[in-house]
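The values are calculated or read from the model by the stated rules, or taken from the named source; none is laboratory data. All values derive from a computational prediction rather than experimental measurement. All Cβ positions, glycine included, derive from the backbone under ideal geometry; neighbour counts span all protein chains shown. Calculation scope for accessible area: heavy atoms of the full protein, side chains included, ligands and nucleic acids excluded. Shrake-Rupley method; radii C 1.70, N 1.55, O 1.52, S 1.80 Å.
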Amino acid sequence: MTYEDLLSECEKNDIKVVERYLSDYDGLIIKNIIVIRKELTQVEKKCVLAEELGHFYMTTGNILDYNNMDNRRQEKTARNWAVDKLLDCNQTTDTYLKNNCNLYDTAEELEVTPQFLEYALKHFIEKHGLKYYIEKYKKYYRQGNIVYSI
């Protein structure tokens, strides 16, 4: 899914996306308006927009105060939604292992930021468990690839 695909989804759901110069955040949402930091790369914008859509669909209210446990939970919910929107667990894992667990090459191939990919891998482990990844490692090891741990 590309940044343009996400913009189309926003348009279909009457969500306005504007790019502005922001000083404190990469993105934020106010009602049905998503503001994205203008100077981000296209890949960074895609990751930020997916997360802001996660906030639109999954969270409520002002959650900027991260000292509040409920706000941190809502932030995690939005990020998890973004990961599931942009990445498929099997494709992500296979690409990661194919690249011998190089985070930067994998992120580039999947067209996400390394930080987004790192969070996604943790999310997938929470969601599917380590056993899933151990089985994938065994499969790749048998194929002759050198595999490192996450």
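Probing with 1.4 Å while keeping every protein chain in the model, the per residue accessible area of segment 1-143 equals 60 Å².
Of the solvent-accessible surface of the chain, computed with a 1.4 Å probe over protein heavy atoms with every protein chain present, carbon and sulfur atoms account for 50 percent.
Taking amide H positions as modeled 1.01 Å from N, with prolines and chain starts lacking one, the residues under 5 Å from residue 22 and 5 or more places away or on another chain are 38, 39.
Computed from Cα atoms, the angle from the helix 69-86 axis to the main principal axis of the chain rounds to 60 degrees. Charge dipole (Cα centre; +1 on Lys/Arg Cβ, -1 on Asp/Glu Cβ; no other charges) of segment 80-133 amounts to roughly 260 debye.
Scanning residues 5 or more positions from residue 27 or on other chains, those with amide H under 5 Å from its amide H are 37, with H placed 1.01 Å from N in the peptide plane. Taking 31 Å as the limit for the C-alpha separation, the pairs 12/131; 38/122; 12/38; 31/131; 12/98 exceed it in the case of 12/131; 31/131; 12/98.
Of all chymotrypsin sites (Phe, Trp or Tyr not before Pro) in segment 1-41, which ones are in loop regions per DSSP and have a Cβ with at most 16 other Cβ atoms within 10 Å? List each step's numbers first, then the result.
Working: sites: 3, 21, 25; in loops: 21, 25.
Counting only loop positions with at most 16 other Cβ atoms within 10 Å, the chymotrypsin sites (Phe, Trp or Tyr not before Pro) in segment 1-41 are 21, 25.
Return one number: the angle in degrees, 0 to 90 and rounded to the nearest 10, between the long axis of the Cα atoms of helix 3-12 and the longest principal axis of the Cα atoms of the chain. Helix 3-12 sits at roughly 50 degrees to that axis.
Among the listed values [x] -0.32; [y] -0.23; [z] -0.28, the one matching log10 I(q)/I(0) by the Debye sum over Cα atoms at q = 0.09 Å⁻¹ as calculated from this structure is [x].
Count neighbours as other Cβ atoms within 10 Å of each site's Cβ, and list the trypsin sites (Lys or Arg not before Pro) in segment 33-86 that are DSSP loop with at most 11 such neighbours.
When the trypsin sites (Lys or Arg not before Pro) of segment 33-86 are filtered for loop state and at most 11 Cβ neighbours within 10 Å, 38 remain.
Sites listed here are GluC sites (Glu not before Pro) in segment 1-78 whose DSSP assignment is loop and whose Cβ has at most 13 other Cβ atoms within 10 Å: 39. About its Cα centre, the chain has a charge dipole of approximately 560 debye under the convention of +1 per Lys or Arg Cβ and -1 per Asp or Glu Cβ, with nothing else charged. Here's how it looks for residue 17: its modeled amide H is under 5 Å from those of 34, which are all 5 or more places away or on a different chain.
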